[in-house]
């Protein structure tokens with residue numbers, strides 16, 4: 001059975017300042033792991049479009065990070081998405097996948113929740129006002 005999902009992503013520089021953010025709806029999501037891995041792949045595609053070559057992707061779903069790092073070969077339904085992510089990683093000069101705690105990733109989750117009520121959108125060089133407090137908390141907990 002397929003479900004709807006939503007993704008949120010935050011692009012930061014090495015000092016933690018927000019460079020861009022985005023949200024998008026997902027149709028026909030099999031489970032949370034597929035949604036989480038799809039979000040990372042969308043973030044990778046976005047980073048490539050922005051021309052970034054040295055990137056760190058943070059995700060709070062450990063199974064997704066392990067899959068993208070190539071440490072787990074049995075990924076069941078998310079294998080196709082993870083394979084795409086591994087292929088995209090080769091297009092960067094430096095690409096690191098890092099597990100983070102959920103409380104360090106709240107801004108992205110707020111964007112995803114917001115997407116259920118709005119359309120797909122991306123913002124450059126700005127942090128949305130409803131994210132200010134959450135972005136600061138994410139940086140503090142990181």
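The values are calculated or read from the model by the stated rules, or taken from the named source; none is laboratory data. Please read all numbers here as calculations on a predicted model, not as lab measurements. Here Cβ is always computed from backbone atoms with ideal geometry, including for glycine, and neighbour counts include all displayed protein chains.
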- Message: Take the conditions at pLDDT below 90, closer than 17 Å to residue 135 by Cα and touching a strand residue (DSSP E or B) at 6+ places or on another chain (Cβ under 8 Å) and apply them to residue 111. Does it pass?
- Response: yes
- For region 13-35, name all the residues that are free of Cβ contacts under 8 Å to residues at least 24 places away in the same chain and out of contact with any helix residue (DSSP H, G or I) (no Cβ under 8 Å at 6 or more places or on another chain). 13, 14, 15, 17
